[in-house]
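Beneath this line is the structure, given in structure tokens, with notes to follow.
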Amino acid sequence: MSTVFSGLFHKYPDLEPCREEVKGAFEAMKRSYEQCGKMLLAGNGGSAADCEHVVGELMKGFMSQRPLPPSEREKMLVHGEEGAYIADRLQGALPAISLVSQSALATAYINDVAADMVFAQQVYGYGRQEDTLVVFSTSGNSANVVRAVQVAKSLGMTTIGFTGQGGGRLKELCDITVRVPYTSTPDIQERHLPIYHALCMMLEEAFFA
């Protein structure tokens, strides 16, 4: 296991109860990407911002530049000098989609159909068996997140939940639930961040070493 993994618990010893779940989350995410899957993410409020944050770390260089491999670079050179410019500035990506970003779809679905189904509809539209759904809910009971997980499980996707100490409904629904040992929303969200930072760094090491 990466030194990033051990470093997480050295820096945040209060997260030690989550060790096995964090390890399991990494292994599940890695397996999904090895199968050419993608990551879908959902959450509300501050947890919605966490979804955007994770996408920003996965879809471009995080701790490394992730230069294109020669075979991919060669494809860009058909555009001559502009191709070289493009190839020099593209970075390796781990496909990830934040379901909180689709404002036109979300507002239409909330208005026309049902607010608690806004993420579930996107999971149904985007999701494939090799994909992973990652959800953030401090209570573990957010209705729109629960519905998304239910649909993902019906599609055979792997589901990973980030919650507070209780875990709520996600504790029973998700394949892996990372329950940080806090009950206050700010405390929970402040501990989710170093965990997903570590997971993103570990994935980057695994695929762009």
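Read the figures in this text as sums done on the coordinates, not as results from a lab. Note that the structure is a prediction, hence the values are computed from the model and not measured. Using ideal geometry, Cβ is built from the backbone for each residue, glycine included, and neighbour counts are taken over all protein chains shown.
Table for the structure above
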item: Partners for residue 11 among aspartates and glutamates (Cα-Cα distance below 17 Å; same-chain residues under 8 apart left out); result: 20, 187, 190
item: Highest average packing first - 56-64, 131-139, 166-174, 145-153, Cβ atoms within 10 Å; result: 131-139, 145-153, 166-174, 56-64
item: Over region 32-103 - Rg/Rh using Cα atoms and the Kirkwood inverse-distance radius; result: 1.09
item: Partners for residue 75 among lysines (Cα-Cα distance below 29 Å; same-chain residues under 8 apart left out); result: 30, 38, 60
item: Size of electric dipole in region 39-172: Cβ of Lys, Arg +1 and of Asp, Glu -1, about Cα centre, debye, nearest 20; result: 340
item: Area projected by the alpha carbon convex hull of the chain, averaged over all directions, nm²; result: 12.3
item: DSSP H segments from the chain that extend 15 Å or more along their own axis, Cα-based, with Kyte-Doolittle mean of -1.0 or above; result: 46-58, 143-154, 185-208
